[in-house]
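> Quick one: structure below, then a few questions.
Every read-out reported here was derived from the displayed coordinates using simple, explicitly stated rules and does not represent laboratory data. Quantities reported herein were computed from a predicted structural model and do not represent experimental measurements. In this analysis, Cβ positions are derived from the backbone assuming ideal geometry, glycine residues included, and neighbour counts consider all displayed protein chains.
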Amino acid sequence: MSFGQSISTCFNNYANFNGRARRSEFWWFYLFVVIAAAVVQALMAAIFGGDSGIYFIVSIGVAVALAIPLYAAGARRLHDTGKSGWLQLLLLIPCVGIIVLIVLWAQAGQLADNQYGPPVA
């Protein structure tokens with residue numbers, strides 16, 4: 001899956017926490033979210049400065065708008081490895097949680113059907 005296809009797929013499945021997602025879909029979208037958040041933060045800081053209320057409101061809005069499809073893609077990625085999407089709650093554990101999730105997200109998906117559906121084509 002290409003960068004553009006990944007972004008399109010994840011936004012088309014904006015809040016879809018069901019099904020499965022390939023590694024490429026998740027990681028390309030993750031890269032897009034990091035780049036988009038950095039660009040928006042830089043633009044907002046340049047336009048409004050870091051102390052503006054508008055800066056804060058727009059930053060929160062962008063974070064929420066990008067977090068929902070990222071968590072959905074993360075859940076589908078975990079489903080592809082046969083694990084529950086609820087494992088993303090490990091993010092609540094400082095430092096260790098993200099390391100464990102990166103390892104889980106990086107694992108190869110199951111080639112056969114699992115409880116979350118057939119493998120992604």
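> Restricting to the stretch 7-41, and then to whatever is assigned to a loop (DSSP other than H, G, I, E, B) and among the polar types (S, T, N, Q), can you tell me which residue is farthest from I68 (Cα to Cα)?
N18
> Another question about this same structure. If V120 satisfies all but one of (1) outside any loop (DSSP other than H, G, I, E, B); (2) surrounded by 17 or more Cβ atoms within 10 Å (Cβ to Cβ), what's the number of the condition it fails?
Just one mismatch for V120, condition (1).
> For a quick check of your reading of the model, give me the residue pairs whose first member lies in the stretch 78-91 and is over 16 Å from E25 (Cβ atoms), whose second is part of a loop (DSSP other than H, G, I, E, B) and of a type outside the set (D, E), with beta-carbon atoms closer than 7 Å and at least 6 apart or on different chains.
Pairs found: G82/Q110.
> Just give me the residues in the stretch 92-107 being touching a residue at least 24 places away in the same chain (Cβ under 8 Å) and either loosely packed, with under 13 Cβ neighbours inside 10 Å or within 11 Å of the chain's Cα centre (by Cα) (or both), in sequence order.
W105, A106
> Please go through the stretch 69-113 and pick out each residue that is closer than 21 Å to Y14 by Cα, not small (G, A, S) and not in a helix (DSSP H, G or I).
T81, K83
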